[in-house]
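Input: a single structure, listed below in structure tokens.
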Amino acid sequence: MDNYNNTDNKFRRYKAYVSIAGTTQFHLRNPYMIAWWSAAFPGFGHLLLSKYLRGLVLFIWEVVVNYNARINLAMVHSFCGNIELAKESLDTRWMLMYIPVYIFGIWDSYRTCIDMNKVALLAEREDAPFNSFSIGALEINYLDKRKPEMSVLWSLFMPGLGQLHIHRVLSAFFSLIWTIIFLYFSKALIAVQLLFLGNIQQATFVLDKQWLLYMPSMWGFAVYDSYMNTVENNKLYNWEQRAFLIKQFQHPNFSIKKGKVVD
Amino acid sequence: MVQVFSTFEHSANLELAISYLEKNGIHKENIFAIPLTNRKTERRLFDSIHNADGISLISTGTALGTAFSVVGASIGFRLEWGPIYWGLIGTGGGFILGFIIDLYYYKFVKKNQRLRRGKNSEVILIVDCEETQSDMVENILWHHFALGTAKIQYEIQ
């Protein structure tokens, strides 16, 4: 059940939509930040824009092609100065197809962000009503204010929990599942265990370089995505409540009286 | 008669307070809400400072933290402390560097646009009631986290 049903579609643009799967909204974003997250990991820029389908496709594309071409492994060797090892590790059967899609991800998310900023301004000025409450058999979602620090903290513990905190169910499940995959194949937790025992060399040896390099972006994205959306959801809450108060509690007969302040 | 003035932040508590007042016999016409504008928001479309809360101090930090972490974890395979420690050092170092850059930017370059930190009064709520009701009204407002209240006594002309 929703508190608003858009039956006639008489408005041109809508600012936000609260559904069982999460709160989706247009708001102003920095296109350079979106482009950067697409560069860190293809798909992240689009996920930040709430464009889930193409975000997920690009993400899975990155994991598959990068893994087979061994881009991450070559990066590790290059950063270590082992250029010959880097050359050897790359698989030329896969490598060249990496480039165009990688560039496309950055370009497309940057371009989309600028476009969506324009739509965000127009939608805010048009001020069309939107659904802000949703209850169903599987979930409940409504506009609410949450603490951005808590989103950051939970995302640091486990990518996905910060998004779960603010009911961004799709990116939460997505982040949780992929973090499990990355943690398992990189053997990062085995290495952490060895580090606790003080065995640094063994910890370094056990790590899988290719899978390990997927992980920093995963954590960074989870923190940024959950933080940004918590702040924006809070702003949407204020905006919606402001409109509600003006509409409901400004009766024309009300007059402000002059008198004395008493205790 | 009395008018009770109060200020609130935007929150569910404010709507709870209003519904509680209505339940206790205050008519809707006697409640007046004034949402305030807290900060003049600059709206320049191609400006690069459209970060999440207008003064985001973590955008550059998370970006640099991720970048430094990748490089740190890679080079860490060669260094004594290994990739995990160097990856974490990269994350922390990159984040702090980005944070300092943002802080410098907002403290010195853009200092006029900052929103005051902490609790801001976002809504003024005025309730018109009988003198006998005024204590009850004020109590309800306090119980729902009003930031401040004042009672104004006036004569009916």
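Below, the figures for the structure above:
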item: Residue that is nearest to A:PHE205 (Cα to Cα) [pool: residues in segment B:73-97 that are buried (at least 16 other Cβ atoms within 10 Å of the Cβ) and among the aliphatic types (A, V, I, L, M)]; result: B:ILE84
item: Flag for B:ASP102 being in a strand (DSSP E or B), within 13 Å of chain A (Cβ to nearest Cβ) and either in contact with a helix residue (DSSP H, G or I) (Cβ under 7 Å, 6 or more places away or on another chain) or under 30 Å from A:TRP219 (Cα atoms) (or both); result: no
item: Search result, residues across segment B:14-31 that are farther than 10 Å from B:ILE140 by Cβ and within 10 Å of chain A (Cβ to nearest Cβ); result: B:LEU14, B:GLU15, B:HIS27, B:LYS28, B:GLU29, B:ASN30, B:ILE31
item: Test result for A:ASP208, touching a residue at least 24 places away in the same chain (Cβ under 8 Å) and more than 9 Å from chain B (Cβ to nearest Cβ); result: no
item: Of all residues in segment A:212-263 being more than 7 Å from chain B (Cβ to nearest Cβ) and in a loop (DSSP other than H, G, I, E, B), the one that is farthest from the chain's Cα centre (by Cα); result: A:ASP263
item: Subset of segment B:127-142 [touching a residue at least 24 places away in the same chain (Cβ under 8 Å) and either among the hydroxyl-bearing types (Ser, Thr, Tyr) or over 18 Å from A:ASP263 (Cβ atoms) (or both)]; result: B:ASP128, B:SER134
item: Residue check for A:PHE104: of a type in the set (Phe, Trp, Tyr) and farther than 30 Å from A:ALA69 by Cβ; result: no
item: Segment B:39-79: number of residues that are within 7 Å of chain A (Cβ to nearest Cβ), at pLDDT 80 or above and in a loop (DSSP other than H, G, I, E, B); result: 2
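The values are calculated or read from the model by the stated rules, or taken from the named source; none is laboratory data. Since the model is a prediction, treat every value here as computed from it, not as a measurement. Ideal geometry is used to build each Cβ from the backbone, glycine not excepted, and the neighbour counts take in all protein chains shown.
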